[in-house]
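Data first, discussion second: the structure below is written as structure tokens.
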Amino acid sequence: MKNLRNQIVFIVAVLVVWQVVYQMGSFPELMFPSLGKIFQSLIKGFSRDGLGAMTLYSLSLIAKGLLIGIVLAFILSGLSIVSKTFYSIYHMVVSLCDLIPGVALLPLAILWMGIGEGTIILIVVHSIIWPMSRSIMDGFRAVPQIYIESGKNMGLGKLGLVTGIYIPASFSYILSGIRTGWARAWRGLISAEMIFGTTSSGAGIGWFIFMKRTNVDIAGVFAALLVIIAIGIVVEYGVFHTIEKMTLKKWGMSR
Amino acid sequence: MKNLRNQIVFIVAVLVVWQVVYQMGSFPELMFPSLGKIFQSLIKGFSRDGLGAMTLYSLSLIAKGLLIGIVLAFILSGLSIVSKTFYSIYHMVVSLCDLIPGVALLPLAILWMGIGEGTIILIVVHSIIWPMSRSIMDGFRAVPQIYIESGKNMGLGKLGLVTGIYIPASFSYILSGIRTGWARAWRGLISAEMIFGTTSSGAGIGWFIFMKRTNVDIAGVFAALLVIIAIGIVVEYGVFHTIEKMTLKKWGMSR
Amino acid sequence: GKSQKSTQDSGDTAKVKIAYQYGLAYAPLTIMQEQGLIEKNYDGDIEVEWVSLNSGSAINEGMASGDIDVACMGIAPFISGVTAGIPYKMYGTIAAQPHELLTNDDSIHSLKDITDDKKISVVNVGSIQHILLAMLAKEELGDAHALDNNLVAMSHPDGMTALMSGSVACQLTTAPYIFKAKEQDNIKEAESLDSVWPEGNAFIVGLVSDDLYENQPEIYQAVVDATQEAMDYINNNQEEAANILCQKEDVTAETMLGWMQDPGCVYNMKLPGVMDMANFMAENDFADKAPESFEAITTESAR
Amino acid sequence: MTQEQKGKTPVLDVQNLTKIYDNGGKGDGNEVLKNVNFTMNEGEFVCILGPSGCGKTTFLRCIGGFETFDGTVKVNGKEVTEPGTDRIMVFQDFNQLLPWKTVEKNVQYPLKIQGLKDKTKLREISDAALEKVDLLSSRTLYPHQLSGGMKQRVAIAKALALKPQIILMDEPFASLDAMTRNHLQEELMKLHQKEKVTVIFITHNIQEAVCLGTRILVMAKQGGIKMDVPNTIPKPVTPASEGYGQMWDMFNKALHQEG
Amino acid sequence: MTQEQKGKTPVLDVQNLTKIYDNGGKGDGNEVLKNVNFTMNEGEFVCILGPSGCGKTTFLRCIGGFETFDGTVKVNGKEVTEPGTDRIMVFQDFNQLLPWKTVEKNVQYPLKIQGLKDKTKLREISDAALEKVDLLSSRTLYPHQLSGGMKQRVAIAKALALKPQIILMDEPFASLDAMTRNHLQEELMKLHQKEKVTVIFITHNIQEAVCLGTRILVMAKQGGIKMDVPNTIPKPVTPASEGYGQMWDMFNKALHQEG
Ligand SMILES: Nc1ncnc2c1ncn2[C@@H]1O[C@H](COP(=O)(O)OP(=O)(O)OP(=O)(O)O)[C@@H](O)[C@H]1O
Ligand SMILES: Nc1ncnc2c1ncn2[C@@H]1O[C@H](COP(=O)(O)OP(=O)(O)OP(=O)(O)O)[C@@H](O)[C@H]1O
Ligand SMILES: [Mg+2]
Ligand SMILES: [Mg+2]
């Protein structure tokens, strides 16, 4: 409750500061729009420019990308427990691939998947699978030895150890990784959507931002950011906090 | 030793597969160059296109960005231990800011910092400070209660707790965060360099990639990726592994 | 390559994938899409897939991969691509747009006034804006690369932000940014580009993959006819066209009409300047080599 | 897996067991166990006494398959290379319970892994086991909500519920009050006698060792078996049993004498 | 509450201490301590006995300032709201040492925090403390390289080195063998007598309680103080001391009787 109050106070303060800076007029209005203008852009975005549909489209891509990324990250990190050889290789692959910017992969991605949803999802997956794998693997390696020994003693096989011991025991890392992955997915998606604009299957919020920027409608850009932030709040406080409460906090593994 | 062997075998295998795919000729040569061509581009990059200087320039920006990002992430995450109010606000700020793509920040960044190194570093910092803060804060919250109680009992104040207990006790998370940060810094830098190319004060490796793509010289793009990967190997196995051995492994906090 | 998949379907429905960019210069493409002109000009069933991409590089890569059959983009990336060996040809120019060198610095009246510490923003190194600046530099300063150290590459809107906030001194840009920027009272044109790139020279070109051109002549022809029809529509029904186009650009129809009526804004399949640009790029290190001839890089519809 | 006894194969056969912990590279390794030989027959109840840090836990961990070592450890003639459900270990550490499972689920989990799927059956077994350690009322708590002694008792319940061939117990009763301790000693004795379970049991309590063990080892500070004595006092042993005093004294002396 | 010595302010004054652990929202909270009153004068050595899970640790944690509670706890007349160096706690858990510090550094760290900077002095103190617990040779090891009993001994050494006004010890000797235990009991007695340290000491060992304590509490299963008896047997107490047998019996009975 007190947290919520603090957060609301903070958000209001940021808005007030924004408006005051705007009123002072030291920045060109075109670049630093008033709150009112941003709000209008938001309304217009939904009522006229199809921002709602674009947001849904982006969310659907993120859902797909996240799903693929999470599943792959779990499978590959899990395999790295099962086989030490695989671990040493996959650890290197993660360290290296994580460095490669999505744009630099584009030529290969286009070659492989053509231009369309597939490539966008590939870029999203690329932006989340490595940091998530890293979180998961680091978490796995920090699992207290005694849980693993306990698990082995109870007769768990390699796969059983992964699902029965490693994953719950490193759940704090995993959740941290999923949160990072979620944020990365947004960023990856938006940069991909800016490059790929619209495809036959639709346009997303990244394209909306691109168009607004191209049209020098900065208020529109901020309106789109507000949408992203609103979704972020819902997911963070609706989904992640709930998961945390139902797991880590209940288990006494996090405060 | 066995790890090293596995890794080398794997790298060689990837190269062989690449060359075999190339030989099969099912992809256009322009988009899928031979290893020889990539290697030539690499040589040419260094001898003629100033890839060496560009790499150094990029590294210098990454060093600055990482330094600023790490220091800020530590300070802010540390404050979030000291004050619960600050925690609730900063946690929200991290969750939200992490979603915002660097490009969307550009208009504000340009207004504020002009164009040049400052803005690029800002983008780099933006790309690492949030995921790092998240790692650190999640790590802090997973510190076993007993260490904190022990620290308080020994008379540590709030700041002392952060440096004396929270940081070493969550070092596995922190290292994980720094590794993610390092990778993010590269990605952030390269996208920032692509957005802000400059031929004057110094151009980085992102600009090199951009130019090569513009000139449809895909072999050049891959050559630049090889440089990034080489640096990645040095940092991962030279720096991070050493740190890990000297800390977590010695302390029995990670395998 | 891939084009087999996208152009020859198992049934009798033909397929074509068209990529273009975003902005006023691509108006004919918007009209083609809105009015279904390709479908209209093709004798049979055809499925047209439209994608918008934001950079010439991505279009070049799509073309080189065989994923894209038809594309529209700036003339400079086309020259880069065609000399690098991407298998495509120009089937016609799409548009010319006004270009201006803008400045926020009252002391700048020609390139000679641009000192080392003054930055010029162009959308991209090797972009048409950069080449135009180089052309002017060659004419005035004797060296095409004389101003290279002043350049910063930023997208048009970023460059405009930079120009308005004083982070750069000049920007070489195109419509509609020149109109928007000049609404600000501190921004004016520094020097005219007419001497090197007269109004009406080609800016955006339409491309067709060799594969489509050689193996699917009916589709190719439909694309050419549709492009021509769209241009005719724009040129003959300016107000109606402005009504359609203004939504995408997010301005009023009057503003759009004003932009379209600027003398520098021309939609025509046979605009001049392509080879001038190509040769200049080859001579001044912007491209590896010049194309053999205009005929070698174009189809008959462009000549 | 019914082990036919032909003649008398020992259940456990330890030969030349040597364990050296490496010291993170610097200095010589720490040689904790040196050439230990030890055999044990089915149904024996071996108690191990020894000073703190002498290697009792290490010895148990080697038998449990949790460590790498030199020499051989055979269970039923098969060499031990990894942990197995035939040897269930109750660790010394309080934090051996899985924190993400309730008390009840912690007890049921190994049974589930063993293939027992029937929910009512599982509940029955875990209830019985928790009843024995007097924790039935805490069955829905998570480990972090338990006191130290309660955690130990859950770990014991878990091992008892499994009825393994060999139980390895590392100071299981150290944090229990006298009454609970007595009660659990009785339970353990019952299990041992009824199910012919073989037990190795580390304790610092000489009385406990003499009461429970059919055989008592004393380990030396340098990590070897200093004494290996069968306990001839007939069960149930109480401090009033004949011979108890001498036995107690003998072990007390052995423990107080250096080396 | 027999301890009302007039004129002296008690070192420790617990009034109406009530502690309820909330059950994660579901069900009523778990009321572990209910209206506990307790005062203690300087130099007293209080031993606490009680069944597993009755709330001994909780009681100590409240005094240590590690828990929130209802009622008041005052140390030297000042209300306790958070942990402090005047009350050093030796936890029940093995993992209370900081894993990133060597044994030696673990002992020195609290002294450093207290402002002692001089390296040789630090080394002197830590060496002396580690000598007392017989771990000087392990001073460069990290906690994960120690046995359970060794960890406990380091924690004890750490507390002894600090010489706090009040030491709160939660079953500190539970994992130690008889000899080490005797030795440490002696060390603790010396410290208590020489430095007038006030000690609260949880144990399950009645003998230990009677030997060490100047006063002995027995806690009831429901979390209250069932008995609070001064130990009148003159120090040093051995099982041969006069009155030892009755005392032992009394506590044994109290512990075995339900409730
Ligand atoms: N963090 C907690 N959350 C909820 N309940 C708890 C918590 N800690 C302890 N309890 C409960 O409080 C009661 C008393 O626990 P406490 O640790 O004080 O017992 P104890 O007397 O020290 O027992 P032992 O001798 O086994 O250590 C127990 O019933 C336990 O379940
Ligand atoms: N993981 C380890 N790495 C290095 N040395 C270790 C490790 N575990 C134990 N040791 C060392 O091995 C020796 C024996 O330890 P062990 O745990 O077997 O003793 P123990 O007899 O069980 O003692 P206690 O009664 O105190 O539990 C100790 O000297 C200890 O320092
Ligand atoms: Mg042990
Ligand atoms: Mg306790």
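The values are calculated or read from the model by the stated rules, or taken from the named source; none is laboratory data. All values reported here derive from a predicted model rather than from experimental measurement. Please note: Cβ atoms are built from the backbone with ideal geometry, for glycine as well, and neighbour counts cover all protein chains shown. Calculation scope for accessible area: heavy atoms of the full protein, side chains included, ligands and nucleic acids excluded. Shrake-Rupley method; radii C 1.70, N 1.55, O 1.52, S 1.80 Å.
Please pick out the residue among D:Lys151, D:Lys196, D:Lys226 that is open to solvent by 20 Å² or more (accessible area, probe 1.4 Å) and assigned by TED's automatic domain parsing to the domain that holds D:Arg123.
D:Lys151
Step by step: first the residues of region E:47-74, then only those that are small (Gly, Ala, Ser) and within 11 Å of chain D (Cβ to nearest Cβ), then the one that is nearest to ligand 2 (Cβ to nearest atom). Which residue is that?
Here is the first cut: in region E:47-74, the ones small (Gly, Ala, Ser) are E:50, E:52-53, E:55, E:64-65, E:71.
Add one more test, that the residue is within 11 Å of chain D (Cβ to nearest Cβ), and what stays is E:50, E:52-53, E:55.
Working: E:Gly50: 24, E:Ser52: 20, E:Gly53: 23, E:Gly55: 27 Å.
Top of the filtered list is E:Ser52.
What about D:Lys235, is it within 14 Å of chain A (Cβ to nearest Cβ), more than 16 Å from ligand 2 (Cβ to nearest atom) and in contact (Cβ under 8 Å) with a residue 24 or more places away in the chain?
For D:Lys235, the condition - within 14 Å of chain A (Cβ to nearest Cβ), more than 16 Å from ligand 2 (Cβ to nearest atom) and in contact (Cβ under 8 Å) with a residue 24 or more places away in the chain - is not met.
Only one of A:Phe171, A:Phe210 is open to solvent by 20 Å² or more (accessible area, probe 1.4 Å) and under 21 Å from A:Ile43 (Cβ atoms); which?
A:Phe210
Can you confirm whether D:Val73 is crowded, with 21+ Cβ neighbours inside 10 Å and in contact with a Lys or Arg (Cβ under 7 Å, 6 or more places away or on another chain)?
no
Consider only pairs whose beta carbons are under 9 Å apart and that are at least six residues apart or on different chains; among these, list those whose first residue lies in region D:95-124 and is more than 10 Å from every other protein chain (Cβ to nearest Cβ) and whose second residue is in a loop (DSSP other than H, G, I, E, B) and open to solvent by less than 20 Å² (accessible area, probe 1.4 Å).
D:Val103/D:Leu97; D:Val103/D:Leu135; D:Val103/D:Leu146; D:Lys105/D:Leu98
Taking region D:214-232 as the region of interest, how many residues are touching a residue at least 12 places away in the same chain (Cβ under 8 Å) and over 21 Å from D:Cys54 (Cβ atoms)?
Total meeting the criteria: 2.
Would it be correct to say that D:Leu135 is outside the structural domain of D:Thr18 (by TED's automatic domain parsing), open to solvent by less than 40 Å² (accessible area, probe 1.4 Å) and in contact with a helix residue (DSSP H, G or I) (Cβ under 6 Å, 6 or more places away or on another chain)?
Yes; evaluated as a whole, the condition is true for this residue.
Scan region A:1-38 residue by residue and report those that are in contact with a helix residue (DSSP H, G or I) (Cβ under 9 Å, 6 or more places away or on another chain), farther than 27 Å from B:Met113 by Cβ and among the hydrophobic types (A, V, I, L, M, F, W, C).
A:Leu4, A:Val9, listed by residue number.
What number of residues in region C:171-183 are touching a residue at least 24 places away in the same chain (Cβ under 8 Å) and either assigned to a helix (DSSP H, G or I) or away from chain B (no Cβ under 13 Å) (or both)?
Qualifying residue count, region C:171-183: 9.
Of the residues C:Asp117, C:Asp158, only one is in contact with a helix residue (DSSP H, G or I) (Cβ under 9 Å, 6 or more places away or on another chain), open to solvent by 30 Å² or more (accessible area, probe 1.4 Å) and farther than 27 Å from C:Lys289 by Cα; which?
Values: C:Asp158 fails: open to solvent by 30 Å² or more (accessible area, probe 1.4 Å).
Matching residue, one of C:Asp117, C:Asp158: C:Asp117.
Of all the residues that make up region B:146-160, how many are under 31 Å from the mean Cα position of the chain (by Cα) and open to solvent by 10 Å² or more (accessible area, probe 1.4 Å)?
4
B:Leu226 passes all but one of (1) of a type in the set (A, V, I, L, M); (2) at negative phi; (3) buried (at least 20 other Cβ atoms within 10 Å of the Cβ); which number fails?
So the condition that B:Leu226 fails would be (3).
Looking only at region E:93-106, filter to residues that are within 16 Å of ligand 3 (Cβ to nearest atom) and not charged (D, E, K, R); which one of those is nearest to D:Met150 (Cα to Cα)?
Going through the qualifying residues, I end up with E:Phe94.
Of (1) among the acidic types (Asp, Glu); (2) touching a residue at least 60 places away in the same chain (Cβ under 8 Å); (3) more than 14 Å from chain D (Cβ to nearest Cβ), A:Glu236 satisfies all except one. Which?
(2)
Which of the following residues is open to solvent by less than 40 Å² (accessible area, probe 1.4 Å) and within 17 Å of the chain's Cα centre (by Cα): C:Ser209, C:Ser167, C:Ser127?
Values: C:Ser209 fails: within 17 Å of the chain's Cα centre (by Cα); C:Ser167 fails: within 17 Å of the chain's Cα centre (by Cα).
Exactly one of C:Ser209, C:Ser167, C:Ser127 is open to solvent by less than 40 Å² (accessible area, probe 1.4 Å) and within 17 Å of the chain's Cα centre (by Cα), namely C:Ser127.
Take the conditions crowded, with 22+ Cβ neighbours inside 10 Å, within 16 Å of ligand 2 (Cβ to nearest atom) and either over 17 Å from the mean Cα position of the chain (by Cα) or within 18 Å of E:Thr203 (Cα to Cα) (or both) and apply them to D:Pro143. Does it pass?
no
Condition check ((1) within 16 Å of ligand 4 (Cβ to nearest atom); (2) within 22 Å of D:Cys62 (Cα to Cα); (3) within 14 Å of another protein chain (Cβ to nearest Cβ); (4) of a type in the set (Asp, Glu)) across all residues:
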| position | (1), (2), (3), (4) |
| --- | --- |
| D:Ala161 | no, no, yes, no |
| D:Leu168 | no, yes, yes, no |
| D:Phe173 | yes, yes, yes, no |
| D:Thr180 | yes, no, yes, no |
| D:Glu195 | no, no, no, yes |
| D:Gly213 | no, yes, no, no |
| D:Lys221 | no, yes, yes, no |
| D:Gln257 | no, no, yes, no |
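Got a sec? Which of D:Glu242, D:Glu186 is free of Cβ contacts under 8 Å to residues at least 24 places away in the same chain, assigned to a loop (DSSP other than H, G, I, E, B) and of a type outside the set (S, T, N, Q)?
Numbers: D:Glu186 fails: assigned to a loop (DSSP other than H, G, I, E, B).
Selected residue: D:Glu242, the only one of D:Glu242, D:Glu186 that is free of Cβ contacts under 8 Å to residues at least 24 places away in the same chain, assigned to a loop (DSSP other than H, G, I, E, B) and of a type outside the set (S, T, N, Q).
In region E:147-159, which residue that is away from ligand 1 (no atom under 16 Å from the Cβ) and within 10 Å of chain B (Cβ to nearest Cβ) is nearest to B:Lys249 (Cα to Cα)?
E:Lys158
So, in region A:177-212, how many residues would count as being at the interface with another protein chain (Cβ under 7 Å from one of its Cβ atoms), over 11 Å from A:Leu61 (Cβ atoms) and in a helix (DSSP H, G or I)?
Within region A:177-212, residues that are at the interface with another protein chain (Cβ under 7 Å from one of its Cβ atoms), over 11 Å from A:Leu61 (Cβ atoms) and in a helix (DSSP H, G or I) number 10.
Within the group D:Leu141, D:Leu130, which residue is touching a helix residue (DSSP H, G or I) at 6+ places or on another chain (Cβ under 7 Å) and away from ligand 1 (no atom under 11 Å from the Cβ)?
D:Leu130
Could you check region B:1-103 for helices (runs of 4 or more DSSP H) lying wholly inside it with 2 or more residues that are more than 24 Å from B:Trp182 (Cα to Cα) and open to solvent by less than 40 Å² (accessible area, probe 1.4 Å)?
B:2-24, B:35-47, B:84-97
Test A:Ala192 against the criterion of being crowded, with 18+ Cβ neighbours inside 10 Å and under 29 Å from C:Thr174 (Cβ atoms), and give yes or no.
Criteria met by A:Ala192.
When you go through C:Thr13, C:Thr83 one by one, which is the residue that is hydroxyl-bearing (Ser, Thr, Tyr), touching a strand residue (DSSP E or B) at 6+ places or on another chain (Cβ under 8 Å) and open to solvent by 10 Å² or more (accessible area, probe 1.4 Å)?
Criteria check complete, one pass: C:Thr13.
Based on what the data block shows, is B:Ser80 more than 16 Å from the chain's Cα centre (by Cα) and more than 9 Å from every other protein chain (Cβ to nearest Cβ)? Explain how you work it out, then say what you get.
Working: more than 16 Å from the chain's Cα centre (by Cα): yes; more than 9 Å from every other protein chain (Cβ to nearest Cβ): yes.
Considered against the rule, which asks whether it is more than 16 Å from the chain's Cα centre (by Cα) and more than 9 Å from every other protein chain (Cβ to nearest Cβ), B:Ser80 comes out as yes.
Would you mind listing the helices (runs of 4 or more DSSP H) fully within region C:1-118 where at least 2 residues are closer than 18 Å to C:Pro217 by Cβ and not hydrophobic (A, V, I, L, M, F, W, C)?
Result: C:3-7, C:37-41.
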